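Peer 1: Below: one structure in structure tokens.
The values are calculated or read from the model by the stated rules, or taken from the named source; none is laboratory data. Keep in mind the model is a prediction, meaning the values are calculated, not measured. Positions of Cβ are backbone-derived with ideal geometry, glycine not excepted, and every protein chain shown enters the neighbour counts.
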Amino acid sequence: MKTIIMLIVLVLSCLATKAQTPNANELFAQKKTQRKYLIQQNALLRTYLKFLKKGYEIVDKGLSVIGDIKDAAFTRDADYFNSLRQVNPVVKNSPKVGDIFLYQQAIISGFQQLRTDCSNSHEFTRDEIDYIDSVYANMLTACSISVDELTLVTTAGVAEMKDDQRLLRLDKIHADMQDKYAFTLDFINSTQLLALQRAKERTQIESLLKLHQEF
């Protein structure tokens, strides 16, 4: 009986050992699989980090290139706009520049002389002299505007224009001053002619009155 009991215990022990063995193997297999998976994930992560670093280097380099391009473009733009502020000697030394100032001086001198002659003459009323003064004042203002525009065209660092634009503006100012000078001459001549006609009429009237008194 004792022997049978020992055999039963032995058999049960073997069965228990046999039953536990697959669990241990399975656990070992699971750990091995997890370790392999972790190794693979680690390798993938390293690869990803490698590409990520490369990508950052490319982006950083690209941004540097873009920055260089922007800086170069800004420098070119600055140089371009600075060049527009410079005045070509062809514009600055144009004979038309001197002509414009000569026209202005001739207009001023002409009106001043006209104003003096009309004031000393007895052929114009006070209102007529005031009208001459107003025409003279308006002409002075118009000349000042033209000269100010000429300053913009011929002075460096003031206005941004290409050489051909400066030349076109100079031609326009010159033509405008010619028109102002022509108007001034016509106005002066017309006023002087009116003074002569009135003086002639006054002389004729005085002669007739004197002749009439003699009779």
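Peer 1: Only residues that are surrounded by 12 or more Cβ atoms within 10 Å (Cβ to Cβ) and either outside the structural domain of Met139 (by TED's automatic domain parsing) or hydrophobic (A, V, I, L, M, F, W, C) (or both): list them for segment 197-207, please.
Peer 2: First pass over segment 197-207, keeping only residues surrounded by 12 or more Cβ atoms within 10 Å (Cβ to Cβ): 198-199, 202.
Ala199 - this is the single residue of segment 197-207 that is surrounded by 12 or more Cβ atoms within 10 Å (Cβ to Cβ) and either outside the structural domain of Met139 (by TED's automatic domain parsing) or hydrophobic (A, V, I, L, M, F, W, C) (or both).
Peer 1: Take the conditions assigned by TED's automatic domain parsing to the domain that holds Ser144 and either at pLDDT 95 or above or touching an Asp or Glu at 6+ places or on another chain (Cβ under 6 Å) (or both) and apply them to Leu194. Does it pass? Let's see the steps before the verdict.
Peer 2: Numbers: assigned by TED's automatic domain parsing to the domain that holds Ser144: yes; either at pLDDT 95 or above or touching an Asp or Glu at 6+ places or on another chain (Cβ under 6 Å) (or both): no.
So Leu194 does not fit the description; no.
Peer 1: Could you list all residues from segment 148-196 that are surrounded by 13 or more Cβ atoms within 10 Å (Cβ to Cβ) and among the basic types (Lys, Arg)?
Peer 2: Scanning segment 148-196 gives Arg166, Arg169, Lys172, Lys180.
Peer 1: Within segment 115-132, how many residues are in a loop (DSSP other than H, G, I, E, B) and either surrounded by 13 or more Cβ atoms within 10 Å (Cβ to Cβ) or of a type in the set (Asp, Glu) (or both)? Show your work before the answer.
Peer 2: Narrowing segment 115-132 to residues in a loop (DSSP other than H, G, I, E, B): 121-125.
If we keep only those that are either surrounded by 13 or more Cβ atoms within 10 Å (Cβ to Cβ) or of a type in the set (Asp, Glu) (or both) too, we end up with 121, 123-124.
Summing the residues that are in a loop (DSSP other than H, G, I, E, B) and either surrounded by 13 or more Cβ atoms within 10 Å (Cβ to Cβ) or of a type in the set (Asp, Glu) (or both) in segment 115-132 gives 3.
Peer 1: Here is a check on your reading of the model: is Lys180 assigned to a helix (DSSP H, G or I), farther than 20 Å from Asn88 by Cβ and in contact with a Cys (Cβ under 7 Å, 6 or more places away or on another chain)?
Peer 2: yes
Peer 1: Given (1) touching a residue at least 24 places away in the same chain (Cβ under 8 Å); (2) more than 60 Å from the chain's Cα centre (by Cα), where does Leu185 come up short, assuming only one miss?
Peer 2: (2)
Peer 1: While we're here: Could you check how many residues of segment 133-147 are without any contact (Cβ under 8 Å) to a residue 12 or more places away in the chain and surrounded by 14 or more Cβ atoms within 10 Å (Cβ to Cβ)?
Peer 2: Filtering segment 133-147 down to residues without any contact (Cβ under 8 Å) to a residue 12 or more places away in the chain leaves 134, 137-138, 141, 144-145.
Applying the additional criterion that residues be surrounded by 14 or more Cβ atoms within 10 Å (Cβ to Cβ) yields none.
Result for segment 133-147: 0.
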